[in-house]
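Taking it in order: structure first as structure tokens, then the write-up.
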Amino acid sequence: MPELRSVAAGGDIQTQIDLRRLSQELEVLSVTYEPESFSGLHFQFTSDSPTITLFSNGKFSITGARDISGAESCFEELISTLSDSMNADISSQNTSLNIRSLSYWHNYGHELDLENLEDIFEEDEVEYNPNNHPALLYEPDDRGLFMIFRSGKIGLVGIKRNVVAQELFDELLHRLPFDNEST
């Protein structure tokens, strides 16, 4: 069974934000605002909370949440913090959180011969160049991207729903060359 490890989400609060002022007023764990090198404001509420990137046009992203409820909690805290800091009526009902990418990991339980493994996939779905990336990259039907490592660790990124992750892992595991007894 694949394990959800990370969630990336985002949205638009549809309000202009003075990032310079906000960066000085935020009372959070860490704040980074360097407009000369990047136009967004990065911050975290706590050391284990997701990272928020906020732009002056109100668009934001949340990365590093461990699950969907963690991304949702971070979103609610963002709305509350912005509403308090800006003395504005910012509400989560005026915007929504969009799940952009789920990241799953699985341990296959066997080492894999990546050079020979690429032969079981369609040529346009797979890429393996160990000089560029240590994993075999497999993209089935543009539904997500698998990173298959020699160690047997398998990552899946770029999907938006749990059901799709399970379907894609089931399809992949049926194609791999060993019985997967250790999962």
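Things worth noting here:
- Any hit, region 76-99, residues being open to solvent by less than 60 Å² (accessible area, probe 1.4 Å), within 17 Å of the chain's Cα centre (by Cα) and not basic (Lys, Arg): yes
- Of the residues making up region 152-166, those that are open to solvent by 10 Å² or more (accessible area, probe 1.4 Å) and part of a strand (DSSP E or B) are 153, 157, 158.
- Index of the failed condition, residue 29 passing every other in (1) open to solvent by 60 Å² or more (accessible area, probe 1.4 Å); (2) more than 30 Å from residue 168 (Cβ to Cβ); (3) of a type in the set (A, V, I, L, M); (4) touching a residue at least 40 places away in the same chain (Cβ under 8 Å): (4)
- Matching residues in region 22-38 - criterion: being among the β-branched types (Val, Ile, Thr) and not in a loop (DSSP other than H, G, I, E, B): 31, 32
- Unmet requirement for residue 51, which otherwise passes all of (1) open to solvent by 30 Å² or more (accessible area, probe 1.4 Å); (2) out of contact with any His (no Cβ under 7 Å at 6 or more places or on another chain): (2)
- Filtered residues of region 39-57 (kept if within 17 Å of residue 80 (Cβ to Cβ), touching a strand residue (DSSP E or B) at 6+ places or on another chain (Cβ under 7 Å) and part of a loop (DSSP other than H, G, I, E, B)): 50
The values are calculated or read from the model by the stated rules, or taken from the named source; none is laboratory data. Model, not experiment: these values are computed from the prediction. Methodologically, a virtual Cβ is constructed for each residue, glycine included, from the backbone with ideal geometry; neighbour enumeration extends over all protein chains shown. Just the protein is used for accessible areas: all its heavy atoms, side chains included, with ligands, DNA and RNA removed. Shrake-Rupley method; radii C 1.70, N 1.55, O 1.52, S 1.80 Å.
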